[in-house]
1. For the range 200-221, which residues satisfy the criterion of being more than 20 Å from Leu241 (Cβ to Cβ) and out of contact with any Leu (no Cβ under 9 Å at 6 or more places or on another chain)?
2. Against the definition (farther than 30 Å from Ile459 by Cα and out of contact with any Pro (no Cβ under 6 Å at 6 or more places or on another chain)), how does Leu317 come out, yes or no?
3. I need every pair where a residue in the range 273-296 that is free of Cβ contacts under 8 Å to residues at least 60 places away in the same chain has its Cβ under 9 Å from the Cβ of a residue that is in a helix (DSSP H, G or I) and of a type in the set (Lys, Arg), sequence separation at least 6 or different chains.
4. It is to be established whether one or more residues within the range 283-303 are over 22 Å from Cys246 (Cα atoms) and of a type in the set (S, T, N, Q).
5. From Leu318, Leu388, Leu311, Leu342, which residue is under 19 Å from the mean Cα position of the chain (by Cα) and among the hydrophobic types (A, V, I, L, M, F, W, C)?
6. Hey, among Leu150, Leu197, which residue is assigned to a helix (DSSP H, G or I) and closer than 28 Å to Ser323 by Cα?
7. Among the residues of the range 140-160, is any at pLDDT below 90 and in the same structural domain as Gln278 (by TED's automatic domain parsing)?
8. Residue under question is Arg166, and the condition is that it be of a type in the set (D, E, K, R) and touching a Phe, Trp or Tyr at 6+ places or on another chain (Cβ under 7 Å); does it hold?
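The values are calculated or read from the model by the stated rules, or taken from the named source; none is laboratory data. Treat the numbers as computed from the prediction; the structure is a model and nothing was measured. When we count neighbours, we look across all protein chains shown, and the Cβ atoms used for this are built from the backbone with ideal geometry, even at glycine.
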Amino acid sequence: MQAYHQPDEIRTVTNRLLDMLIDYYSSPKSSKAVNYRSKEELVKAFYQSEPPNEERPLDDVLKEFKESILPASVKTWHPLFMNQMFAGASFPSIIGDLMASMMNPTLATWEASPVATIIEKNVSQWMAQMMGLPKGSWGIFLPGGSLSNLIALTIARNQFFGMDIRRTGIPMEKKPVLICSEASHYSIANAANILGLGSDHLLKIKTRVNGSMDTNDLEEQLQQCDRNHQTPFAIIATMGLTVSGCFDPLDEMAGICKPRGIHIHVDAAFGGGMALTQKGKRHFTGIEHADTLTWDAHKTLHMPLTSSVLLLPNPQLLKSVFSQKEATYLFHPQPEHEIEDLGKYTPLCGKRFDALKLWLLWHTYGTENFREQAENRFKLTEDFGAYLKSTEDFHMDYQSESPISCFHWAPKEWQKVDRKLRAPYSNKLHRTIREEIKQDGNAFFNIALLNSMDQFRFILINPLTTLDQLKDLVSEIRARALAYCNKHPQPFQSSGEQR
């Protein structure tokens, strides 16, 4: 292993790696988003029942990666990769990720990573400032928004029931209730499970047409909790819903829940970037009421996975929940200072330097570039929505509030047919078209159930995506839809009045 620590060898291998990186990113339009192969083919090609036993030259291993693994993998930087809530990664942030691995610090203690500790706290302060949180807010970087949500709700649980909960466990006789909407991210249900609450203590509020929380139902459900002697202790306001991309009415929710002492967690994992836009920031009215906030920079700021931060107006709540007296081998007495061991603020001990890639990107591009990119993605979403509305056969159930467009195909003659009646046929059509396009490899997008019907779901955060590309893809979808209908006649009456 020592051979690869020699400067000449490191330089040679690194140059080859950079050449590979440049080739990989240089021509996205001329390649496919997916080089589709079946699961059986991929398992046969890549699964190894035994680990490699013999030493091989690193050049050979890199060649295997370049020639077999890379071509078989989904190209998340492709302009028409719209399947997940991330896409691509800017070059400075990739370099930052590499530099973090090169340094390999652990941010558990100040003495092992003093500069990294300063940078993480500083970058989290910048993010809190961009979100409009009160002065003095900062937070910690965590490996993903799901964990950030879990940590936030752990704080809410412990704060509500008292810190003795660390010793005694949850006082279930108080009938604790965690509140979210029916459209909240699935990590909230997982958190209820991990926190020992169980799904019976997760109250899901009804939603409006665009997926945002119905505050009328929220008030009714809280009154029902009072009658049942239940104790709501936290509510999740999702800013940038996973399916629709729309926003829960944060200010209304805060007005209802704050007087009850309910912890308000803002899940802005996806929608946080929209706070930088002129139209998007209006959805963050009431952000000053947030007790905790999740924001994933690897989504709208084009960072490599993962770059998630949990922000708090009162970061000492983290310390009250996670600081351990037993780890005297790790945490040593230090002079009192506002910057201290981050390991006391998180359940993580092996804590990666994820803030570095955002620090490097921020210093390279600046805040105004972030705003410009967010505005551009928002404008693309609006322009695409306007184009869909100009057609007779593509329909949107609501106005997009972030770079997610959900829409369905329905020719004019279908419009007099009840949605529930045509849903089974329509759903199969949409899923078939999506699978065909994915297997051809030209684009990769998703399907989501919205208002009782499957809809195409495009996540439009890749800066390489253009309106012309989207129009061409819509034309392809239309052609495939017509071909499907010719091959599979619809079982419902599609013209004239319904009988």
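1. Asp200, Glu219, Glu220
2. yes
3. His289/Lys258
4. There is no residue in the range 283-303 that is over 22 Å from Cys246 (Cα atoms) and of a type in the set (S, T, N, Q).
5. Numbers: Leu318 fails: under 19 Å from the mean Cα position of the chain (by Cα); Leu388 fails: under 19 Å from the mean Cα position of the chain (by Cα); Leu342 fails: under 19 Å from the mean Cα position of the chain (by Cα).
Matching residue, one of Leu318, Leu388, Leu311, Leu342: Leu311.
6. Details: Leu197 fails: assigned to a helix (DSSP H, G or I).
None of the other options fit; the residue is Leu150.
7. The answer is yes; a qualifying residue exists.
8. Details: of a type in the set (D, E, K, R): yes; touching a Phe, Trp or Tyr at 6+ places or on another chain (Cβ under 7 Å): no.
No.
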